[in-house]
1. Of these, A:Glu189, A:Glu204, which one is touching a residue at least 24 places away in the same chain (Cβ under 8 Å) and either within 14 Å of chain B (Cβ to nearest Cβ) or over 18 Å from A:Gly68 (Cα atoms) (or both)?
2. Counting only residues that are over 15 Å from B:Thr76 (Cα atoms) and among the aromatic types (Phe, Trp, Tyr), give me the helices (runs of 4 or more DSSP H) lying completely in the stretch B:114-199 with at least 3 of them.
3. What residue, among those in the stretch A:245-281 that are in contact (Cβ under 8 Å) with a residue 60 or more places away in the chain, surrounded by fewer than 24 Cβ atoms within 10 Å (Cβ to Cβ) and not in a loop (DSSP other than H, G, I, E, B), is farthest from the other protein chains (Cβ to nearest Cβ)?
4. What tally of residues in the stretch A:300-327 results from selecting those that are touching a strand residue (DSSP E or B) at 6+ places or on another chain (Cβ under 8 Å) and at pLDDT 95 or above?
5. What is the residue count in the stretch B:95-139 for residues that are surrounded by fewer than 11 Cβ atoms within 10 Å (Cβ to Cβ) and under 26 Å from B:Glu189 (Cα atoms)?
6. Only one of (1) crowded, with 18+ Cβ neighbours inside 10 Å; (2) touching a residue at least 60 places away in the same chain (Cβ under 8 Å); (3) farther than 23 Å from B:Val324 by Cα fails for B:Asp85. Which number is that?
7. If you go through the stretch B:291-328 one residue at a time, how many are farther than 23 Å from B:Arg60 by Cβ and surrounded by fewer than 15 Cβ atoms within 10 Å (Cβ to Cβ)?
8. Taking A:Thr76, is it touching a helix residue (DSSP H, G or I) at 6+ places or on another chain (Cβ under 9 Å), modelled with pLDDT under 95 and in a loop (DSSP other than H, G, I, E, B)?
Protein chains: 2
Amino acid sequence: MALSLGLGCSPGPSTPPRGGAGSASPLPSWNEGPARAAILRFVANVTTLGGPGYVPRAERIAVFDNDGTLWAEQPTYVQFQFALDRVKALAPQHPEWLSKEPFNHLLAGDMKAFAAGGERAMLAVVAAAHSGLTTDEFMGAVRDWLRTARHPKTGRPYTDMVYAPMLELLDYLRANDFKTYIVSGGGVEFIRAFADSVYGIPPEQVIGSQGKLRFEMRDGKPVLLKLPEVQFVDDGPGKPVGIQAIIGRRPIAAFGNSDGDREMLEWTWAGTGARLALLVHHTDGEREWAYDRDSQVGRLDKALDEARSAGWTVVDMKADWKQVFAPR
Amino acid sequence: MALSLGLGCSPGPSTPPRGGAGSASPLPSWNEGPARAAILRFVANVTTLGGPGYVPRAERIAVFDNDGTLWAEQPTYVQFQFALDRVKALAPQHPEWLSKEPFNHLLAGDMKAFAAGGERAMLAVVAAAHSGLTTDEFMGAVRDWLRTARHPKTGRPYTDMVYAPMLELLDYLRANDFKTYIVSGGGVEFIRAFADSVYGIPPEQVIGSQGKLRFEMRDGKPVLLKLPEVQFVDDGPGKPVGIQAIIGRRPIAAFGNSDGDREMLEWTWAGTGARLALLVHHTDGEREWAYDRDSQVGRLDKALDEARSAGWTVVDMKADWKQVFAPR
């Protein structure tokens, strides 16, 4: 698709590419190597006014998966941990859960029995944790939880478990007049609770899965109530659909780490002109986790094969990144 | 809701309010009167750094209905006229339509029989006209139609049937660092086909009703196919829902003209701090059309009562606007 709109936006005086806020050399946490070189080459290409790959600023759209691409997703998705904690906290108000699957297993601490319930059990917990609140109340609940919850392995706040090299990349792209979006299978309201303060990504640039909302009046004031029903699943083929529905332009750069990002990278890559499609490959079992084809969380299998055949950029976390998480 | 994010955005040096591109005095097509005064007062209030109503730039979100607010919606919605014309053009490829309601009535020119089919007949025609194409193909079809179609009363292109005072208002708000959105019951892909060139509103700032899309491969290339199924209806209570789902911030200014905009204005108005909620009242039967409580298209009834009780601003088109449409 070539939505070559953006009329009225003057091209930026962006030759040569700018390094990003305060950095003399861009991407300081990235080792010199093919991944860093591919990023720098792409940005130089699309920002060189008069060059063959030049892209007007309004069309410099970059989309980032969140879990496993911007922050850690092991041992389990952060949002699922939030849902588990929230269901436990709500249990006193729900005595019926003590005899109702899968809540009974969860509350009894029997995670094996809970896990036997599979995806259906997970969805039941997520629905219970994410509905019955107004959008305002939910935002508060997520922020309260993020302030106190700690990662089970590192003991750090989840919002510390973000990848320093990717923060630099976001910054570098924005310094070169890209508009950076999150396009995640996670819930849009959950991600918005921290995306601006942690990633510098404002709420209107977060695309995610959505539950249904209901507009209603409470004491003469309108609220939006979160319902336990799915409106849209922003994963796999849902990612290009979400991008089209909300942005209405095809991105020129896409960043992911799993098979759930495959269609988003395909959609981005298939546009005309300069493109960057990049996968973060989790290869560092010491500083983070090493996983790909056999992982339950963030499986990377078909997309890894396609990266090699199509010529997408693959980041080898162990080799390409000088640091994974910013120091405390 | 007070999503007071927008960290990292510096407040603009926007005291006093700026007049808009190239205009010595803002809103030259508006007569002096309460509506123009309310707009100027609101903008001065939210842009005065250090003042009691100051709003950071990132939170200056303004939402505009489209049909009847930015362009004419009489004698029928432009998008419905597009659907009628498209069904007629497609008829040779659909011989089955000759014996299928409501297409048979439409193709026989029997608009009375067609109208008897009510909303269901309209939706059938819209679904037929808006599906079976990729998003790229649909964009091309809308643009081709807009180039040649003419308004039945004025003989002008539909994209000339936009309100000059509202174009000035969009411009004035943007000059004061507002982000201007369309929030329409019309189809998002239809509106995007002209919103950038006509209103200066880029595709990612158009929110509208959506059909379902399907990601699929065609000759090894990904496409997004428009399906004849509804994903989301962005009208009435759907407007604040769409705003929350896509923007994730509550607007501080909302502009509409019908009961379908009522909840959007309520949602905007109920936020804390300075607010502007404005209805365009179609009172000028000579220069445009005069209609409100009894109109099938763009009915304005409950929202007009609420405007008076709540203190919303009502534009009297006949009295408040020096011109309605820009001259040819």
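1. When all the criteria are applied, what remains is A:Glu189.
2. Counting at least 3 such residues, we get B:188-199.
3. Checking each candidate, the answer is A:Leu276.
4. Going through the stretch A:300-327, the residues touching a strand residue (DSSP E or B) at 6+ places or on another chain (Cβ under 8 Å) turn out to be A:300, A:303-304, A:307-308, A:310, A:312-322, A:324-326.
Filter once more, so that each one left must be at pLDDT 95 or above: A:300, A:303-304, A:307-308, A:310, A:312-322, A:324-325.
The qualifying residues number 19.
5. 3
6. Here B:Asp85 clears every test but (1).
7. Number of matching residues: 14.
8. yes
The values are calculated or read from the model by the stated rules, or taken from the named source; none is laboratory data. All values reported here derive from a predicted model rather than from experimental measurement. Backbone-built Cβ (ideal geometry, glycine too); neighbour counts: all protein chains shown.
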